[in-house]
Structures are given as structure tokens and as C-alpha cells.
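Here is the structure we will look at.
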Amino acid sequence: IPEETRRLVERLCPKGTMVTQLRDALGPIYSDEHFAHLFPKRGRAAEAPWRLALVTVLQAIEGLTDRQAAEYVRTRVDWLYALALPLDDPGFDYSILTDFRQRLLAAQAQELILDPILQLCRERGWLKAGGKQRTDATAVLGRVRALSSLESVGEGMRATLNALAQRDPAWLSAHLDPDWFDRYVHRFELSRFPKAETQRQRLREQVGQDVAHLLAALDQPQTPQPVRDVAEVALLRQLFAQHYEQQGEQVHWRDGPAVSNEDRIVSPYDQEARSSRKRETTWLGYKVHLTETCDQDPACPHLITQVETTPATLPDSEMLDPIQEHLRQKSLGPAEQYVDQGYPSGPQLVKQASLGTRILGPVGLDTSWQQRAHSGYGKDDFALDWQGQVATCPQGQQSVGWTAPQEWRSRDTVIIRFAAATCRACRVQEQCTQGKGGRRLTLTAPAVHAALQARRSEQGTEAFLKTYALRAGVEGTISQAVRTTRMRRTPYTGLSKTHLHHLTIAAGLNLKRI
């Protein structure tokens with residue numbers, strides 16, 4: 001650190017600021033060697049990447065734009081101190097921060113923002129494997145407007161026309177319908193749609209015919225390849241297939257969606273954003289999962305160890321395995337992982353326990369009508385002989401069928417059947433099955449079945465609830481991230497950029513806690 005910068009900071013801030021205290025306690029945090037593979041070996045010398053990484057994290061803490069962050073580098077004395085710059089340093093252009101993030105994304109090196117901080121914490125003894133960690137998720141709003149189905153197709157058409165006008169205006173002029181200018185020159189959702197259903201149907205068909213005409217022109221052999229390769233063209237094809245059905249020259253609006261909600265494109269400006277709903281909340285964008293340590297050691301801060309950004313439609317139950325795998329790759333696999341009911345499942349309880357991690361979280365209850373009515377004979381009332389592959393009902397009757405389908409709902413299951421004649425002659429049939437045939441049981445594998453039964457029996461006990469209360473702290477972490485940063489409203493377009501944004505926020509929160 002230049003001596004004049006140090007003297008000025010000591011005179012202006014005798015007690016220091018968070019930024020200067022971090023520099024004194026942790027040093028520069030990052031080093032150029034971590035980022036050397038991102039830069040070419042020849043050409044003009046780059047701005048020191050360790051400084052750019054630190055500025056990116058400080059920018060996330062303060063909630064600054066690139067222009068503001070570059071201005072802080074020139075004017076904030078404590079930032080000059082942390083970056084080891086002299087007082088007369090001219091700084092750098094704000095666009096360098098964008099270039100630095102693009103390098104991280106191109107090399108898939110986003111973890112270089114968070115991992116050096118975790119390594120420092122590991123060296124100081126604040127972080128270690130085998131402790132307790134907790135995970136939760138929150139919704140992230142995408143940087144796009146929510147559009148109806150017709151609006152998304154119309155905006156897709158407008159985005160494609162604008163892209164073609166930039167790539168090859170001569171080709172577009174030769175194939176442009178004059179009426180397209182009136183329909184697509186402004187944002188499509190600003191148009192006043194007709195109220196009558198017949199007129200709305202006519203508008204849908206008109207937009208579909210426009211898109212079909214443009215795509216047909218693009219498919220002609222004489223169309224230049226660069227024009228066909230425009231990214232917006234491929235997106236328009238997906239939107240057209242999603243909402244229209246073409247039979248010859250006739251184009252018809254689909255009554256229902258042609259693709260699942262997980263694959264449904266809802267905006268032409270961010271094709272990775274998805275529309276999802278959780279109870280009363282509906283949002284368009286992504287979902288972020290935060291995992292933090294929660295050991296009850298006053299000398300160790302609670303640190304965010306893993307960040308996962310996913311499409312909004314991906315269920316939490318599919319994220320427990322990737323989160324645990326990534327933690328083990330960092331040598332941070334926990335002994336206990338606290339999650340809410342959306343994460344654990346029977347197979348995951350067994351798998352993670354075999355890998356040394358106990359998953360602490362409630363599982364879904366049995367959804368059978370017997371369980372809901374609190375009467376009758378449920379699955380737990382049957383005696384199971386897994387070795388002999390025979391089940392015995394509460395009345396002493398044995399099963400006549402025991403089959404294990406190759407795949408059912410992507411997990412190992414066993415289907416047990418009882419004879420229809422035996423069940424019809426039983427005096428307690430109405431308490432056992434509501435069907436006219438024999439009782440049918442669908443069970444998971446033995447280890448999974450035992451794990452689910454054990455968890456369901458213990459998750460209502462006072463001891464479990466007292467232990468499980470530790471999970472609630474992660475909601476405070478999410479609240480801190482939402483209130484002090486832009487975690488819930490991403491300023492970027494696309495999943496990879498949003499994930500990098502969340503990693504910088506996690507790194508910044510860790511530094512504030514340290």
C-alpha cells in the first residue's frame with residue numbers, strides 16, 4: 001500500500017472502515033495467479049485482475065453500477081487503500097468490469113470469485129468440513145417484462161426484425177411486408193388489443209401468418225447463411241412452434257401449450273427465464289439456493305459456502321444432490337444439512353447418509369385417503385417380508401403379486417397386489433381399499449421405505465423440532481441479501497450472468513460477516 005495512501009486513511013478514518021479493516025485482516029484476498037488463464041499471453045497489459053475481482057465484490061456489497069464502481073475507485077480513499085493504489089491513480093474505464101465478467105463467464109470460472117474467500121477462511125480455521133450447514137432458496141425476478149402468449153410471439157417477431165435489420169438490411173427490405181412496420185414498430189404489448197374474441201382470434205392468426213411468412217423466406221435456398229444464423233431467428237421458431245400449429249399454408253393458434261412449463265419460453269429477450277408459482281407468489285425469472293455454515297461457534301462467522309442459480313421451474317428436490325456434490329468437491333461436505341420440506345426425499349436421505357451427510361428436514365406425509373381420514377389400514381399396517389417378497393395384510397391374507405418395474409417416476413419401486421376375490425370377501429374391505437379390485441400397494445426400495453418411515457415418525461417429536469430450529473437462520477441470510485443487495489432482482493439477462501451476480505453477492509456477504 002503506498003505510504004501517502006496509508007497516512008491519509010489513518011488521518012481521515014482513525015478507526016478505519018469495513019473496507020480498510022478487511023484489507024488489514026485478510027490482505028488483498030485475491031491474487032493474479034488465480035486469473036492468469038483468463039488472459040492472453042501477448043498484447044497490451046491488462047488491469048490487475050485481483051483488483052477487478054475485489055472491485056466486483058465491493059460493488060455487490062454497495063449495490064453499485066459499473067460506472068459508480070469505477071468512480072469509487074477514483075474517489076474513495078478506503079477503496080484506494082484496499083486496492084493498494086496511490087492517491088493520484090486515474091482508475092480505469094467502467095467497461096473493463098464488464099470485460100472481466102465476460103472473461104469469467106467464457107472460461108466458466110465464476111467460482112473464482114467465492115472460492116478464494118472460502119480458502120482464506122479455511123486457513124484461518126473459520127471453515128472446515130464435517131460441520132453443520134443449512135440451505136434455502138428464494139425467487140429471483142428476471143430482467144424482462146411478463147408477457148402474455150400473444151405478446152411474447154409479437155415481441156419475438158419485433159426482436160427478430162430488429163436483429164435482421166442490423167445484420168442484413170438489404171435482405172430484409174426485399175422480403176419486408178409493408179404492414180409489418182405498423183404492427184411491429186412499437187412494443188407489441190403497447191398495442192390496444194381488441195375486446196371481441198373473434199377479433200382477438202383474427203389478430204392471433206395475423207401474427208402467426210406474419211411469422212410463418214418470415215420463416216418461409218428465411219428457409220429459401222438463396223437466403224445468406226449469416227441471416228439464418230441470427231440468434232433471434234432460432235428463438236422465433238421456438239415461439240412459433242410453441243403457440244401455433246401449421247398445416248400447409250394454414251396457421252392456427254394452439255388451444256393448449258405444446259411444451260411443458262419447464263421448456264416454455266415466456267420472453268424473447270431472456271429465453272432462460274421461466275414463469276413459476278409457489279403458493280400465492282408468481283414470478284418470472286430464476287431461483288437461487290444459498291447454503292451457509294451454522295455451527296454454534298462464536299469465534300466462527302456463518303459463511304455462505306455454495307450458491308446455485310436455477311430456472312424458476314426446477315423443483316428444490318432436484319437440487320439437494322448437486323449442492324452436496326459441489327460441497328464435497330470443495331472439501332466442505334457437512335455432517336448435518338438442514339433443509340425445508342421441499343428438498344429431502346427418501347432416496348436422497350439414504351444416498352446422502354451413505355456419503356456421510358445426515359439430511360435434517362421433514363419429508364412429505366403419506367397422501368393416501370387412509371392417512372387423510374385418520375382411519376382405515378394404511379401401508380404401515382401391512383407386514384412386509386422383503387426377502388420372501390410377500391406382504392401380509394392386517395387380516396392375515398398374503399399378497400399374490402410382487403413386481404419391481406424397471407422405472408417408475410424415476411425411482412425404484414415395488415408394486416404389491418392382493419387377490420381381488422380375497423379382498424371382496426373381506427369384512428373390512430371398505431377400511432382397506434375403495435376400489436372394486438384387490439388392494440394394491442406401491443412402495444419404494446427397502447432402505448428408502450425404512451428411511452421415510454423413520455423420518456415421518458420422528459419429525460413431529462419435540463426433540464426433532466428443537467434440533468430442526470437451526471434451519472430457520474438461513475431465512476435471515478436470504479433477508480439480508482434481499483434487503484442490502486440486488487439478489488432478488490437480477491440486473492443481468494441470462495442464467496450464467498445471474499449466477500455470477502449471485503456469487504459476487506455471496507462473496508460480499510461473507511466479507512461483511514468477517
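Numerical summary
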item	result
Protection proxy ranking of 328-339, 131-142 - average other beta-carbon atoms within 10 Å, highest first	131-142, 328-339
Tail weight of P(r) past 20 Å, computed on alpha-carbon pairs of the stretch 145-269, percent	42
Entry for semi-axes √(5λ) of the Cα gyration tensor in Å (calculated from the structure that is shown) out of (1) 48, 41, 18; (2) 40, 30, 19; (3) 47, 29, 25	(1)
Charge-dipole axis of the stretch 372-514 as Lys and Arg at +1 and Asp and Glu at -1 on Cβ define it, positive-most pick from T467, L509, S375	L509
For the stretch 1-96, size of Cβ-based charge dipole, Lys and Arg +1, Asp and Glu -1, in debye	80
Modelled FRET efficiency - R0 60 Å, R200 with Q21, Cβ distances, 0.05 increments	0.45
With every protein chain in place, the stretch 27-127: carbon and sulfur % of accessible area (1.4 Å)	49
Within-9-Å neighbourhood charge of Q352 [Cβ basis; K, R +1; D, E -1]	+1
In nm, spacing of pseudo-spin labels at R372 and S457 (7 Å Cα→C-beta vector)	2.6
Part-to-part distance (alpha-carbon centres) for the stretch 40-119 and the stretch 253-321, which is given in Å	28
Label-point separation in nm, H175 to A450, each point 7 Å along Cα→Cβ	6.5
Projected area, mean over directions - the stretch 43-174, Cα convex hull, nm²	14.7
Relative packing of peptides 341-350, 163-172 - highest average C-beta neighbours within 10 Å first	341-350, 163-172
Residues of the chain: accessible area per residue with a 1.4 Å probe, Å²	52
Whole-Å semi-axes of the stretch 96-208's equivalent ellipsoid (Cα gyration tensor)	49, 22, 9
Over 26 Å between alpha carbons, listed pairs K128/K512; K132/K497; K330/K497; K128/K351	K132/K497
Radius 12 Å from Cβ of A109, net charge of other residues (Lys, Arg +1; Asp, Glu -1)	0
Size of charge dipole - the chain - debye, nearest 20, with Cβ of Lys, Arg +1 and Asp, Glu -1, no other charges	1060
Cα-only Debye scattering, the stretch 285-325: base-10 log of I(q)/I(0) at q = 0.25, 0.33 Å⁻¹	-0.85, -1.14
Within the chain, helix-based [θ] at 222 nm, where runs of 4 or more DSSP H residues each add -39,500 (n - 2.57), nearest 500	-13000 deg cm²/dmol
Burial order of peptide ranges 78-85, 507-514 (average beta-carbon count within 10 Å, highest first)	78-85, 507-514
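The values are calculated or read from the model by the stated rules, or taken from the named source; none is laboratory data. Bear in mind the structure is a predicted one, so any value in this text is a computation, not a measurement. Reconstructed Cβ throughout: ideal geometry from the backbone, glycine too, with neighbour counts over all protein chains shown. Ligands, DNA and RNA are stripped out before the accessible areas are found, and what is left, the full protein with its side chains, is counted by its heavy atoms. Shrake-Rupley method; radii C 1.70, N 1.55, O 1.52, S 1.80 Å.
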